[in-house]
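*Asks:* Quick one: structure below, then a few questions.
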Amino acid sequence: MNVLSLSMEGFRNIDTLSFCPGDGVNVLYGDNAQGKTNILEAIWLFTGGKSFRGAKDAELVGFGRDSAKLTMRFDAAGRQQQATITIAARRSAVLNGLPLPAVTKLTGRFCAVIFSPEHLALIKAGPEERRKFLDAACCQLRPAFMPVLAEYLKTLKQRNRLIKAIRAGDQPDDPLLFDTFDRQLASSGAAVRRERRAYLEKLGDRAAAIYDGLSAGRERLALAYETGRDTADALYNALQASRQIDQRAGFTTIGPHRDDFDVTINGSDARRFGSQGQQRSCVLALKLAEAALLQDACGEQPVVLLDDVMSELDASRQDFLLNQMTGWQTFITCCDPAMKDRLHAGFSAKIVRGSMEERTL
């Protein structure tokens, strides 16, 4: 899967920009706030997802503009395709000349994985960030997981609402209603846990191999899912047993929404004991392993987007990303212009105020 060309109009600080990237490593360099990340963000939107920076649609439209337009030609499913995304009051998309009912329908047509500095929260922050990563990766790999996860979260919200109503005295304690929610939560929750665990087992093998390359074999990465049992009966029984505890706490205290997974380097917790470079390498390994699993599933390599990835990595880890990641189309943003000189083969361009200068291929 390759991006063949990208055109942007009125997107963020980019007035107009068109370019044809290389099919290997593409380095976009320049000072901060020039538009490097905006280019990666535009490519990411063609996965059907929202901005990885958490931006609302209105924030994607350039100042003084009514709308923004993105057009991308790409290779996927053995043929060249073209998609256009228009951003105004809402986003709309056209794929190969046919309007789509929603931009989310691009999901699975074009695949990419993204690393941005915010993703360091995967290691540095609490369990919620790691759950979000797992769920997003599972949904992209297997879209049928989306309604299962949605059902679990919907039922969880209903159960928590019931708990709060009972605590406030607005509703009597109703064991039958609790039982209904517990059975629904156990069924969908067990499915969520099975999906996450199966995915993490595959991810761990790939991430360990990638981290081995990043660290030149000096360090070993391992992942482990920390959770209760995966069966619906076990989760139902646990929910029943925790009902009084939940009512005192004011929310559901057990279930997949409380799960976590451990990330260790040479057996030590990466969050507590890893250096800045090691933590960044862990996240990179997770994201690249995610890309490898997508390739296994769809038979094509997803595009890899690495935003501000080079800082705090030593020279050997930088060289691995620049020159040893063969077989992937990769976009790397950085501030240091020396990175383009260390790139053995590929596309590079300097980004200045939303424009490309000094392009080389």
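*Asks:* Report the residues of region 290-315 in range of a label on LYS124: point 7 Å along Cα→C-beta, backbone N strictly under 19 Å from it.
*Replies:* Counting only backbone N, you get 306-314.
*Asks:* Plugging the Kirkwood radius over Cα pairs into Stokes-Einstein for the chain, at a temperature of 37 °C and a viscosity of 0.692 mPa s, what D comes out in µm²/s?
*Replies:* Working: Rh = 22.1 Å.
The estimated diffusion coefficient comes to 149 µm²/s.
*Asks:* Next question, about the same structure. Counting only the backbone N, which residues of region 28-72 are under 18 Å from the spot 7 Å out from the Cα of VAL352 toward its beta-carbon?
*Replies:* In region 28-72, the label zone of VAL352 (backbone N under 18 Å from the point 7 Å along Cα→Cβ) covers 28-37.
*Asks:* Also: Hydropathy first: keep DSSP H helices in the chain averaging at least 1.0 on Kyte-Doolittle, then drop any whose Cα extent along the axis falls short of 18 Å, and list what survives. Walk me through the numbers before you get to the answer.
*Replies:* On the way: long enough: 127-141 (21 Å, -0.63); 145-168 (35 Å, -0.03); 175-214 (55 Å, -0.33); 276-298 (33 Å, 0.29).
Going by DSSP H runs, there are no hits.
*Asks:* Could you please report the charge total around ASP319, scoring K, R as +1 and D, E as -1 over all other residues with beta-carbon less than 14 angstrom from its beta-carbon? Walk me through the numbers before you get to the answer.
*Replies:* Details: positive: ARG317, LYS340, ARG342; negative: ASP314, ASP336, ASP341.
Result for the neighbourhood of ASP319: 0.
*Asks:* Name the long-range amide H neighbours of PHE115: under 5 Å, sequence gap of 5 or more, or other chain; modelled H, no Pro or chain starts.
*Replies:* LEU305, LEU306, ASP307
*Asks:* Taking amide H positions as placed in the peptide plane 1.01 Å from N, state which residues far from ARG220 in sequence (5 or more) or on other chains have amide H under 5 Å from it.
*Replies:* ASN266
*Asks:* Separate question: Can you check what the net charge comes to around ARG159, using other residues whose Cβ is under 14 Å from the Cβ of ARG159 (Lys, Arg +1; Asp, Glu -1)? Before the final figure, lay out the partial values.
*Replies:* Values: positive: LYS154, LYS157, ARG161, LYS164, ARG167, ARG183, ARG243, ARG258; negative: GLU151, ASP173, ASP174, ASP179, ASP182, ASP246.
Net charge around ARG159: +2.
*Asks:* Taking Cα pairs under 8 Å and at least six residues apart, what relative contact order does region 213-310 come out at, in percent? Show your work: numbers first, answer last.
*Replies:* Numbers: 72 pairs, mean separation 25.9, N = 98.
For region 213-310, the relative contact order is 26 percent.
*Asks:* Taking the Cα-to-Cβ direction at ARG342 and at ASP75 and moving 7 Å from each Cα, how far apart do the two end points lie in nm?
*Replies:* 2.8 nm
*Asks:* Let me ask something else. Kindly work out what percent of the DSSP beta bridges joining two residues of the chain are antiparallel, to the nearest 5. Show your work: numbers first, answer last.
*Replies:* Details: 41 of 58 bridges.
For the chain, the DSSP antiparallel bridge percentage is about 70.
*Asks:* Given labels modelled 7 Å from the Cα in the Cβ direction, how far is it in nm from ARG194 to ASP319?
*Replies:* 4.7 nm
*Asks:* Give a residue-ordered list of calculated ³J(HN,Hα) values for region 60-73 (Karplus: 6.51 cos²θ - 1.76 cosθ + 1.60, θ = phi - 60°; whole Hz; x for Gly, Pro).
*Replies:* 3J(HN,Hα) across region 60-73, in whole Hz: 7, 8, x, 4, x, 9, 8, 7, 10, 9, 10, 10, 9, 9.
*Asks:* Here's a follow-up. List the residues whose amide H sits under 5 Å from the amide H of VAL61, counting only those 5 or more places along or on another chain, with H placed 1.01 Å from N in the peptide plane.
*Replies:* ARG12
*Asks:* Would you mind checking the pairs LYS202/LYS350; LYS124/LYS157; LYS56/LYS340 and listing those with alpha carbons more than 30 angstrom apart? Let's see the in-between values first.
*Replies:* Numbers: LYS202/LYS350 38 Å; LYS124/LYS157 27 Å; LYS56/LYS340 33 Å.
LYS202/LYS350; LYS56/LYS340, as the Cα separations exceed 30 Å there.
*Asks:* Follow-up. For every other residue with a beta carbon closer than 12 angstrom to the beta carbon of PRO117, add +1 if it is Lys or Arg and -1 if Asp or Glu, then tell me the sum. Intermediate results must be reported in sequence, preceding the final value.
*Replies:* Values: positive: ARG53, LYS124, ARG280; negative: GLU118, ASP307, ASP308, GLU312.
Around PRO117, the surrounding residues sum to -1.
*Asks:* Still on this structure: Whole-Hz Karplus ³J(HN,Hα) for region 354-361, in order, using 6.51 cos²θ - 1.76 cosθ + 1.60 and θ = phi - 60°, x for Gly and Pro?
*Replies:* x, 10, 9, 10, 6, 6, 9, 9
Every read-out reported here was derived from the displayed coordinates using simple, explicitly stated rules and does not represent laboratory data. Computed from a predicted model, the values in this text were never measured in an experiment. Ideal geometry is used to build each Cβ from the backbone, glycine not excepted, and the neighbour counts take in all protein chains shown.
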